[in-house]
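Novice: Sharing a structure here in structure tokens format.
The values are calculated or read from the model by the stated rules, or taken from the named source; none is laboratory data. Note that this is a predicted model, so its numbers are computed, not measured. Note that we place each Cβ from the backbone using ideal geometry, even for glycine, and neighbour counts take in every protein chain shown. Surface areas here come from the heavy atoms of the whole protein model, side chains and all, with no ligands, DNA or RNA. Shrake-Rupley method; radii C 1.70, N 1.55, O 1.52, S 1.80 Å.
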Amino acid sequence: MSLNFDHLSLKPEQLRRRVDPSSLAFTTTADLEPLSGTIGQPRAVDAIEFGMDIDVDGYNLYVAGLPGSGRESTIIDFLRQFAPERPVPPDWIYVHNFSQPDRPRSISLPAGMGTQLAKDMEEFIQSAQRDIPRAFDSEDYEQRQQGALSEIQQRREQLNRELHQFATERGFSLQMTQAGIMTVPMQNGEPIPPDQFQQLPEEVRKDFEQRNHEIQRQISSTVREIRQLEKEAAERMRQLEREVALFAVGPLFNELQERYADHPEVLTYLQEVQEDVPDHLQEFRPDQQRQQMPMMPGMPMQQPPEERLARYQVNVFIDNSRTEGAPIVQERNPTYYNLIGRVDYRSAMGSMVTDFRQIRSGALQQANGGFLVIHAPDLLTSPFSWQALKRSLICQEVQIENLGEQLSPMPTARLRPEPVPLTVKVIIIGTPLIYHLLYQLDEDFPELFKVKADFASDMEWNDDHVGNYAAFIRRQVERFELLHFGNDAVARVIEHGARLLEHQQKLSTRLLDISNIVAEASHWAKKDGADIVSAEHVEQAIQKKEYRSNLSEERLKELYADGTIRIETEGSAPGQVNGLAVLSLGDYRFGKPSRITARVSLGQRGVQSIEREIRLSGRIHSKGVMTLAGYLSGKYAQDAPLAIGATITFEQSYSEVDGDSASSTELYALLSAIGDIPLRQGIAVTGSVDQYGNVQAVGGVTEKVEGFFDVCQQQGLTGDQGVMIPASNVQNLMLRDDVAEAVANGQFHVWAVERIDEGIALLTGMDAGVADEHGVYPDGSVHRIVQDRLREYARQQRAFGRQPTNGASDGRIDNDQGKSPDEPEDEDEGSG
């Protein structure tokens, strides 16, 4: 009986979906408006809008999508629309902390006032350097100085006179020396030489010594009083200098305090500066600096005046004077320092020093009050960055600490800047895989990134999205100054978008790939001297792109052509069928046909995959092989055990095999080997199978069909060749024009099957057979042949188990010695 398979054969129009250029409502893209926003991502757009609008801690965003899906451009477009509506965040400055110099103070000011305060303090320093020396050089200061010191001088002179008088009354004179005040005994108004003093009577000498002790006590008392007067004079001078200095800079402070009256923190800082200036007057008076410390050989150089006065400067840490709305910061190199800031060091007098002016902001502080965009791979591959980001978000402040200080085995003196309070919306861009890993492995991640914006890789192929595709092409034309596209070129780009996704009802949303084809098609059109890009130019761009990437495919085809890799595309053979796989080389995928063979024998080891035995099989492929065993058991082992040992392998395959897309192919080879039924070698097969014989969808059917077509075309098309695919994969076909043309001409075929029985009939030309109520299949059917062979194996096994043995000479136990005839052997296969 001849079987008809027309119902399984696909028509040419089923092999791909076309776009009629006349159905597009424009002639060229010049008739269109450029695309605004993104396309085909309603779920992601809704999540982004929600994440940006909600103002609650922890609602940061993770934008999940594949590269090229428009995830980053979409985020930036939304931010540029949303950020200007938000208030401008304040400036942040760091100033010297006069009470704790190692802990610089952070102060918040309205946008623009940080720079203004820094400028005002610079002007204050310059004015103070001018006005303070001028005040001390004035006649008024000279008069007040003399007035403050004249009384002290008079009292000092009085003490000296009294001391001299006290000594004179007791027969002594006083002489001032470098060692101090020396007493000289007098007689008749003349000093007594030391040798004459020793010749005086003992009573006289003792009297002189007694009076000398009285004078020494008086000298000590007078010296103490003079020192007290000197202290009083110094204090009067300090008070005078303070009054003069404050009088000189008072108007400057009054002006600053009036200007910043609404900012208490600034007023507190200005008050501290005002109290500190009089204590460092020498830094404002160059003449006093020279008198204070003369240069000596070998002494280090003194700091220049501008360095000594730096304590009064302002470090504008964050300047939002030119910011409109909330800031948007994109950090593509989120190292630890680029993220949270740092404290720089500079070389000074042979050592490394720092101060509050060296505090530098990071991306978190720059984005404070706005939005920070980071790519997940960049963040996670930068040491310490992820932990620093989490710590800042949890604490809601950014603490600047240099890594060397954190990792130092010994604590050292360092700057500890006051942390800046943090209010920022962090947006991380990454793949779905990274999102799931962080969600499962990092306990803080779900609390910090509560909004997931998931970018789909596809969208429905409908009129709205076709129009959006055309508008996207128009936007790229305007952005990169390309040639306009005709409606036939746009139609071809849309078809290419569906081919990238391998789906007749969906379009790819990886717009980077579409943009690349658009740019390259315009390039080839310009090379051709055309004014408008046509479908031929788009096709040329696609083919050129494939040509740049398909070297490996071409080399593989050479191996098929010269017979190095054996593929049969004609005739029939039992236990052998052509399988199909897809090789992915990053930027290029192609189909790879390979022979799958099966051998069977009597035994008990069941179905074995050679790849699995040598550990070249992935887990999914191993699952597929075990599914075959389940199919055989359910189909043929209801009234007799499976007494079979079978091996299946991918011939000339030397790398790991994974996936279950060849499980139906392996099943056809296995059934053919059991029943010794030839299979058509001109048919390649792909498809997964379940334990009930249903053929299930697989991936890469377009590449698989084209891969086998190329081999058949290489060896010569006969009209009997083709590929068998799952019926559920018909919607995934977007075949090349040459394949569709060959099918239309009857030179090649694509069959779609839903069950294994349909594939058996197509491969063997025989009816698969349907079991009756007793589980018996019709004579001559494939299942009957397989069933009979398996039952024969079972009978042979039972008969083999009953054979008597010649004693125990070969080490085996006879059935009569306690083993049931039906009990299986311990070996994988029975022994003869």
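Novice: When the residues of the range 403-445 are narrowed to those that are of a type outside the set (Gly, Ala, Ser) and touching a His at 6+ places or on another chain (Cβ under 9 Å), which ends up farthest from TYR59 (Cα to Cα)? If you could, list the steps in order and put the result at the bottom.
Specialist: Of the range 403-445, the ones of a type outside the set (Gly, Ala, Ser) are 403, 405-407, 409-412, 414-429, 431-445.
Those still in the list that are touching a His at 6+ places or on another chain (Cβ under 9 Å) too: 428-429.
Values: ILE428: 12, ILE429: 15 Å.
Taking the candidates together, the pick is ILE429.
Novice: From GLY659, GLY699, GLY624, GLY634, grab the single residue that is in contact (Cβ under 8 Å) with a residue 12 or more places away in the chain and open to solvent by less than 10 Å² (accessible area, probe 1.4 Å). Explain how you work it out, then say what you get.
Specialist: Details: GLY659 fails: open to solvent by less than 10 Å² (accessible area, probe 1.4 Å); GLY699 fails: open to solvent by less than 10 Å² (accessible area, probe 1.4 Å); GLY634 fails: open to solvent by less than 10 Å² (accessible area, probe 1.4 Å).
None of the other options fit; the residue is GLY624.
Novice: Within the range 758-784, work out how many residues are of a type in the set (D, E, K, R), in contact (Cβ under 8 Å) with a residue 60 or more places away in the chain and in a loop (DSSP other than H, G, I, E, B).
Specialist: First pass over the range 758-784, keeping only residues of a type in the set (D, E, K, R): 758, 767, 772-773, 779, 784.
With in contact (Cβ under 8 Å) with a residue 60 or more places away in the chain added as a condition, the list becomes 758, 767.
Subsequent filtering for residues that are in a loop (DSSP other than H, G, I, E, B) retains 767.
The number of residues fulfilling the criteria is 1.
Novice: Let me ask another. Restricting the search to the range 57-72, which residues are among the small types (Gly, Ala, Ser) and open to solvent by 10 Å² or more (accessible area, probe 1.4 Å)?
Specialist: Applying the first criterion (among the small types (Gly, Ala, Ser)) to the range 57-72 yields 58, 64-65, 68-70.
Answer for the range 57-72, where residues must be among the small types (Gly, Ala, Ser) and open to solvent by 10 Å² or more (accessible area, probe 1.4 Å): GLY58, GLY68, GLY70.
Novice: Sticking with this structure for a sec: Exactly one of these conditions fails for LYS119: (1) basic (Lys, Arg); (2) touching a residue at least 24 places away in the same chain (Cβ under 8 Å); (3) open to solvent by 30 Å² or more (accessible area, probe 1.4 Å). Give me its number.
Specialist: So the condition that LYS119 fails would be (2).
Novice: Looking at the range 505-585, what strands (runs of 3 or more DSSP E) fall wholly within it and have at least 1 residues that are of a type in the set (Val, Ile, Thr)?
Specialist: The strands (runs of 3 or more DSSP E) meeting that bar are 576-584.
Novice: Show the residue pairs meeting these rules: Cβ distance below 6 Å; 6+ apart or different chains; first residue within the range 363-391 and more than 26 Å from GLY68 (Cα to Cα); second residue in a helix (DSSP H, G or I) and among the small types (Gly, Ala, Ser).
Specialist: LEU364/SER392
Novice: If you don't mind, another one. For the range 591-642, give me each residue that is assigned to a strand (DSSP E or B) and among the hydrophobic types (A, V, I, L, M, F, W, C). Full working, then the answer.
Specialist: At the first step, the residues of the range 591-642 found to be assigned to a strand (DSSP E or B) are 591-602, 606-609, 617.
Result: ILE596, ALA598, VAL600, LEU602, VAL607.
Novice: Restricting attention to the range 541-563, report how many residues are surrounded by fewer than 19 Cβ atoms within 10 Å (Cβ to Cβ) and free of Cβ contacts under 8 Å to residues at least 40 places away in the same chain.
Specialist: Final tally of qualifying residues: 14.
Novice: With respect to the numbered conditions (1) open to solvent by less than 10 Å² (accessible area, probe 1.4 Å); (2) over 28 Å from SER9 (Cβ atoms); (3) not polar (S, T, N, Q), which one is the sole condition not fulfilled by GLY687?
Specialist: Evaluating GLY687 over (1) open to solvent by less than 10 Å² (accessible area, probe 1.4 Å); (2) over 28 Å from SER9 (Cβ atoms); (3) not polar (S, T, N, Q) leaves (2) as the failure.
Novice: To continue, here is another question. Taking only the range 710-757 into account, find how many residues are in a loop (DSSP other than H, G, I, E, B) and open to solvent by less than 30 Å² (accessible area, probe 1.4 Å).
Specialist: First pass over the range 710-757, keeping only residues in a loop (DSSP other than H, G, I, E, B): 716-721, 733-736, 745-748, 754.
Subsequent filtering for residues that are open to solvent by less than 30 Å² (accessible area, probe 1.4 Å) retains 716, 719, 721, 733-735, 748.
Selection size over the range 710-757: 7.
Novice: Please state which of the following conditions ALA167 fails to meet, knowing it meets all the rest: (1) open to solvent by less than 30 Å² (accessible area, probe 1.4 Å); (2) closer than 25 Å to ASP207 by Cα; (3) of a type in the set (A, V, I, L, M); (4) out of contact with any strand residue (DSSP E or B) (no Cβ under 6 Å at 6 or more places or on another chain).
Specialist: So the condition that ALA167 fails would be (4).
Novice: Can you tell me how many residues within the range 454-504 are open to solvent by less than 10 Å² (accessible area, probe 1.4 Å), outside any helix (DSSP H, G or I) and within 20 Å of ILE532 (Cα to Cα)?
Specialist: 2
Novice: Tell me whether the range 128-139 contains one or more residues that are closer than 30 Å to ILE359 by Cα, open to solvent by less than 10 Å² (accessible area, probe 1.4 Å), of a type outside the set (Phe, Trp, Tyr) and at pLDDT 90 or above.
Specialist: Among the residues of the range 128-139, not one is closer than 30 Å to ILE359 by Cα, open to solvent by less than 10 Å² (accessible area, probe 1.4 Å), of a type outside the set (Phe, Trp, Tyr) and at pLDDT 90 or above, which makes the answer no.
Novice: A follow-up question, please. Anything in the range 4-34 that is surrounded by 13 or more Cβ atoms within 10 Å (Cβ to Cβ) and farther than 17 Å from GLY486 by Cα? List them, or say none.
Specialist: The answer is PHE5, LEU8, SER9, LEU10, PRO12, GLN14, LEU15, ARG16, ARG17.
Novice: While we're looking at this one, here's another question. From the set of residues in the range 351-384 that are closer than 20 Å to THR423 by Cβ and small (Gly, Ala, Ser), which is farthest from the chain's Cα centre (by Cα)?
Specialist: Applying the filter and picking the extreme gives GLY369.
Novice: Tally the residues that are in a helix (DSSP H, G or I) and out of contact with any helix residue (DSSP H, G or I) (no Cβ under 9 Å at 6 or more places or on another chain), restricting the search to the range 438-453.
Specialist: Final tally of qualifying residues: 2.
Novice: Could you grab me the full set of residues in the range 97-109 that are of a type outside the set (Phe, Trp, Tyr) and either farther than 19 Å from ASP319 by Cβ or open to solvent by less than 10 Å² (accessible area, probe 1.4 Å) (or both)?
Specialist: ASN97, SER99, GLN100, PRO101, ASP102, ARG103, PRO104, ILE107, LEU109
Novice: Scan the range 47-102 for residues that are closer than 18 Å to ILE428 by Cβ and aromatic (Phe, Trp, Tyr) and jot them down.
Specialist: Within the range 47-102, PHE50, TYR59, TYR62, PHE78, PHE82 meet the criteria.
Novice: Taking the condition at positive phi and touching a residue at least 40 places away in the same chain (Cβ under 8 Å), does GLY37 pass?
Specialist: Working: at positive phi: yes; touching a residue at least 40 places away in the same chain (Cβ under 8 Å): yes.
Yes, satisfied.
Novice: Out of curiosity, is GLY606 modelled with pLDDT under 95, open to solvent by less than 40 Å² (accessible area, probe 1.4 Å), of a type outside the set (D, E, K, R) and at positive phi?
Specialist: Answer is yes for this residue.
Novice: Within the group ILE75, ILE54, which residue is open to solvent by less than 10 Å² (accessible area, probe 1.4 Å) and either aliphatic (A, V, I, L, M) or modelled with pLDDT under 95 (or both)?
Specialist: From the options ILE75, ILE54, the qualifying one is ILE75.
Novice: ARG242: among the basic types (Lys, Arg), under 60 Å from the mean Cα position of the chain (by Cα) and open to solvent by 60 Å² or more (accessible area, probe 1.4 Å), yes or no?
Specialist: yes
Novice: For the range 218-229, name all the residues that are open to solvent by 80 Å² or more (accessible area, probe 1.4 Å) and in contact (Cβ under 8 Å) with a residue 60 or more places away in the chain.
Specialist: GLU225, the sole residue that qualifies.
Novice: Here's a follow-up. Within the range 244-257, how many residues are closer than 23 Å to GLN143 by Cα, in contact (Cβ under 8 Å) with a residue 12 or more places away in the chain and out of contact with any Ser or Thr (no Cβ under 8 Å at 6 or more places or on another chain)?
Specialist: 5
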